[in-house]
């Protein structure tokens, strides 16, 4: 009995540790006084300021654009490559997978400066394109690692059967292979998307000429000192995350119900 | 079909060559040369960059980074193991909620999570204003090693909890029952049965916390104020100052530290599945 109370108490302490900083940010985002200590009354002026901030608006635009594009392109390249890798002989496969692991294992800062050196050596101007290329580069390995297990689980005779029954390879790919590895593809896309949205270090080194993402704006603001608009921004981002989570939760419970009905 | 399907990898092989291998080779090339390497005729090789790294100043920076990362990893393990156990042992219904609550902060931007601590620990931050209002002397909480470790633990603890939780929840419960039937008490069961079986998860957790911690440059920069150089902040500083050659040498050394510690840890990781729980 006592043990249960201790573990409950411990969990509560840990959750306070995890959530208190976020809660503090959220509360201060409504504080009209700029100083930390005093509560100057409820206000939404930081949110208004946030929506009028041109840096943040452009950063938000680039963050979402780069995340969508890079996740989409890495998912396409990654899925195609995974199918190829799956059909390779053992030695080649091991070599390619090892190289594929390099961007995952390498510290972000090394990947970032290495890509920066590459772009500058190729005389590419740092900006939107270089940031997009970098995000695709670190997205593909995760997509491959998400899709490969699904290919392994698949019964390979099913594709062969489709081909024997007269399906063209492309038709077999579309109607037989892709539906079976779809969960892996979706997971890969989501991983690539979240990594891109969250990335700071690699973007920091590989972008320039006024193209920033949200992480970089937060970084430069935080370095200049505490600014209430960041509180408003983080509260909004938390709200978006919570909203997405509820949505996913609702969808998956809907799916479960749906499956149950069909099962009956 | 099989031979043709193999061709699908070729575009990515080209991509890997250009965006994964070539950049690392370029970093290596910069680390063993003077100045610019754009002109092949004037290129000249040197090992001075590495010699410079192995002087007391930079050795100290490296050791400090390893020390802070190791300490954060140990704290994450000490705090995280009980959490993983409590979640793994809780009822089915509360299990998924507890897990979700634990992962949720990870979905917030890391910069914001680190920034949040600045507003709490700063000179005009929450804790110090509370102290001042109570008439107590204020403390210097921000811009020291303690703040850096706190930031690392806060940001990376989920990476420790998740793999341990995965191995614990996959564990065969009858093994624990057998151990208790045979007369072992709770502590003995934990030391002799539960902990050894959870080792793969512990090792994945250690790797996944230590790696980002040792190379982090955001947390030391924001919470440590960049006062004491760490290896990550050193690289950033060298490149922003334009010293690509020495910066590249430091990057190569850091890559070595990471890959070496991975190789060492992987020897202990028996089934290589501990990290799978993350996704």
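The values are calculated or read from the model by the stated rules, or taken from the named source; none is laboratory data. The structure displayed is predicted, hence computed values, not measured ones. Don't worry about glycine lacking a Cβ; one is built from the backbone with ideal geometry, like all the others, and counts go over all protein chains shown.
At a glance:
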read-out: The range A:79-99, subset more than 8 Å from chain B (Cβ to nearest Cβ) and farther than 24 Å from residue B:259 by Cα, residue surrounded by the fewest Cβ atoms within 10 Å (Cβ to Cβ); value: A:89
read-out: Residue in the range A:65-72 that is within 13 Å of chain B (Cβ to nearest Cβ) and touching a helix residue (DSSP H, G or I) at 6+ places or on another chain (Cβ under 8 Å) present; value: yes
read-out: Per-region count, the range A:159-171, residues over 15 Å from residue A:84 (Cβ atoms) and touching a helix residue (DSSP H, G or I) at 6+ places or on another chain (Cβ under 6 Å); value: 2
read-out: Any chance residue A:109 is closer than 30 Å to residue B:13 by Cβ, in a helix (DSSP H, G or I), within 11 Å of another protein chain (Cβ to nearest Cβ) and at pLDDT 90 or above; value: yes
read-out: Test: residue in the range A:43-58 that is at pLDDT below 90 and in contact with a strand residue (DSSP E or B) (Cβ under 8 Å, 6 or more places away or on another chain); value: yes
read-out: Qualifying position, being touching a helix residue (DSSP H, G or I) at 6+ places or on another chain (Cβ under 9 Å) and more than 30 Å from residue A:146 (Cα to Cα), among A:62, A:28; value: A:28
read-out: For residue B:150: the one exception among (1) crowded, with 19+ Cβ neighbours inside 10 Å; (2) at the interface with chain A (Cβ under 7 Å from one of its Cβ atoms); (3) under 23 Å from the mean Cα position of the chain (by Cα); value: (2)
read-out: Helices (runs of 4 or more DSSP H) contained in the range A:135-254 and holding at least 3 residues more than 10 Å from chain B (Cβ to nearest Cβ) and exposed (fewer than 14 other Cβ atoms within 10 Å of the Cβ); value: A:156-164, A:178-198
read-out: Condition met for residue A:124 (free of Cβ contacts under 8 Å to residues at least 24 places away in the same chain, on the phi < 0 side of the Ramachandran plot and outside any loop (DSSP other than H, G, I, E, B)); value: no
read-out: The listed residue being under 24 Å from the mean Cα position of the chain (by Cα) and modelled with pLDDT of 90 or more, out of B:26, B:68; value: B:68
read-out: For residue B:237: the one exception among (1) at pLDDT 85 or above; (2) more than 14 Å from the chain's Cα centre (by Cα); (3) away from every other protein chain (no Cβ under 14 Å); value: (3)
read-out: Exclusive hit being in a helix (DSSP H, G or I), without any contact (Cβ under 8 Å) to a residue 24 or more places away in the chain and within 13 Å of chain B (Cβ to nearest Cβ), set A:3, A:57; value: A:3
read-out: Filtered residues of the range B:100-111 (kept if more than 12 Å from residue B:223 (Cα to Cα) and crowded, with 20+ Cβ neighbours inside 10 Å); value: B:102, B:105, B:109, B:110
read-out: Which numbered condition residue B:97 fails, given (1) within 20 Å of residue A:239 (Cα to Cα); (2) within 20 Å of the chain's Cα centre (by Cα); value: (2)
read-out: Verdict on residue B:74 being outside any helix (DSSP H, G or I) and more than 7 Å from every other protein chain (Cβ to nearest Cβ); value: no
read-out: Residue, nearest to residue A:220 (Cα to Cα), within the range B:118-147, restricted to residues that are part of a loop (DSSP other than H, G, I, E, B) and within 7 Å of chain A (Cβ to nearest Cβ); value: B:122
read-out: Tally, over the range B:217-236, of residues that are closer than 18 Å to residue B:122 by Cα and in a helix (DSSP H, G or I); value: 6
read-out: Residue match in the range A:104-115 (condition: within 22 Å of residue B:262 (Cα to Cα) and surrounded by fewer than 19 Cβ atoms within 10 Å (Cβ to Cβ)); value: yes
read-out: From the options B:220, B:163, residue that is surrounded by 16 or more Cβ atoms within 10 Å (Cβ to Cβ) and within 14 Å of chain A (Cβ to nearest Cβ); value: B:220
read-out: Within the range B:1-32, tally of residues that are more than 7 Å from chain A (Cβ to nearest Cβ) and buried (at least 20 other Cβ atoms within 10 Å of the Cβ); value: 1
read-out: Single residue of the range B:90-113 satisfying the filter (in contact with a helix residue (DSSP H, G or I) (Cβ under 8 Å, 6 or more places away or on another chain), part of a helix (DSSP H, G or I) and more than 8 Å from chain A (Cβ to nearest Cβ)) that is farthest from residue A:63 (Cα to Cα); value: B:95
